[in-house]
Amino acid sequence: MPSLKERLDLDLKEAMRSKEELTTSVLRMLKSAVKYKEVEPGAKALEDAGVLSVIATLIKQRRDSVEQFRSGHRDDLADKEEKEILVLQRYLPKQLSAEELLAEVKAAIAATGAQGPKDMGAVMKAVRAKVQDRAEGKAISEAVKAQLASLG
């Protein structure tokens, strides 16, 4: 099975052949971000986990941009960013459903013995370790906050 970087190369070539402008530009940008991360001082070639981390960062940046563009009434730019998010999400592992995430949060609360909102850090750490790249940090944070608020 090819590595994630090899898959990106193959998909980029295919997107260029089929003249998919959006996919081509997003994959070029992603490859550039990965290469940039690899040439930082003290960095080394990224494995799949590192590439997934770069993808998650790019998605988060685009979500922030969507919010800014919507508040600035620039729906055309917001729509473009959302389409880029969809392309990037193809490379993430299958995301947890809300119910699956809630089950993980409840299990982490039970495992850490959390009593209320003051224990959020410990619960977040436990949930993140368990779900890794299968849920976004913001979704995890909101689920943990809601569950801890109902306790305390």
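The values are calculated or read from the model by the stated rules, or taken from the named source; none is laboratory data. Note that the coordinates shown come from a computational prediction; the quantities given were computed from them, not determined experimentally. So basically every Cβ, Gly included, is an ideal-geometry build from the backbone, and we count neighbours across all protein chains shown. Just so you know, the surface numbers come from the protein's heavy atoms only, side chains and all, with ligands and any DNA or RNA stripped out. Shrake-Rupley method; radii C 1.70, N 1.55, O 1.52, S 1.80 Å.
Looking at the structure I just gave you, is residue 151 surrounded by 14 or more Cβ atoms within 10 Å (Cβ to Cβ) and aliphatic (A, V, I, L, M)?
Numbers: surrounded by 14 or more Cβ atoms within 10 Å (Cβ to Cβ): no; aliphatic (A, V, I, L, M): yes.
It is false that residue 151 is surrounded by 14 or more Cβ atoms within 10 Å (Cβ to Cβ) and aliphatic (A, V, I, L, M).
Can you name the condition, by its number, that residue 83 falls short on among (1) out of contact with any helix residue (DSSP H, G or I) (no Cβ under 7 Å at 6 or more places or on another chain); (2) open to solvent by 80 Å² or more (accessible area, probe 1.4 Å)?
Evaluating residue 83 over (1) out of contact with any helix residue (DSSP H, G or I) (no Cβ under 7 Å at 6 or more places or on another chain); (2) open to solvent by 80 Å² or more (accessible area, probe 1.4 Å) leaves (1) as the failure.
Looking for whichever is loosely packed, with under 11 Cβ neighbours inside 10 Å, out of contact with any strand residue (DSSP E or B) (no Cβ under 6 Å at 6 or more places or on another chain) and over 22 Å from residue 138 (Cβ atoms) here; the options are 40, 47. Which one fits? Walk me through it before giving the result.
Values: 47 fails: loosely packed, with under 11 Cβ neighbours inside 10 Å.
None of the others qualify; the one that does is 40.
Within segment 15-30, count every residue that is closer than 20 Å to residue 85 by Cβ, open to solvent by 70 Å² or more (accessible area, probe 1.4 Å) and part of a helix (DSSP H, G or I). Outline the logic, then answer.
Restricting attention to segment 15-30, the residues satisfying the condition of being closer than 20 Å to residue 85 by Cβ are 15, 20-30.
Going one step further and asking which of them are open to solvent by 70 Å² or more (accessible area, probe 1.4 Å), we end up with 20-21, 28.
Of the ones still in play, those that are also part of a helix (DSSP H, G or I) are 21, 28.
Matching residues across segment 15-30 total 2.
Has segment 102-111 got any residue that is surrounded by fewer than 18 Cβ atoms within 10 Å (Cβ to Cβ), touching a Gly at 6+ places or on another chain (Cβ under 6 Å), more than 22 Å from residue 60 (Cα to Cα) and not acidic (Asp, Glu)? Before you say what the answer is, go through the steps one by one.
Of the residues in segment 102-111, the ones surrounded by fewer than 18 Cβ atoms within 10 Å (Cβ to Cβ) are 102-103, 106-107, 110-111.
Checking the rest, the ones that are also touching a Gly at 6+ places or on another chain (Cβ under 6 Å) come to none.
For segment 102-111, residues surrounded by fewer than 18 Cβ atoms within 10 Å (Cβ to Cβ), touching a Gly at 6+ places or on another chain (Cβ under 6 Å), more than 22 Å from residue 60 (Cα to Cα) and not acidic (Asp, Glu): absent.
Among the residues of segment 54-73, which ones are open to solvent by 40 Å² or more (accessible area, probe 1.4 Å), of a type outside the set (Gly, Ala, Ser) and on the phi < 0 side of the Ramachandran plot?
Result: 57, 60, 61, 63, 64, 67, 68, 69, 70.
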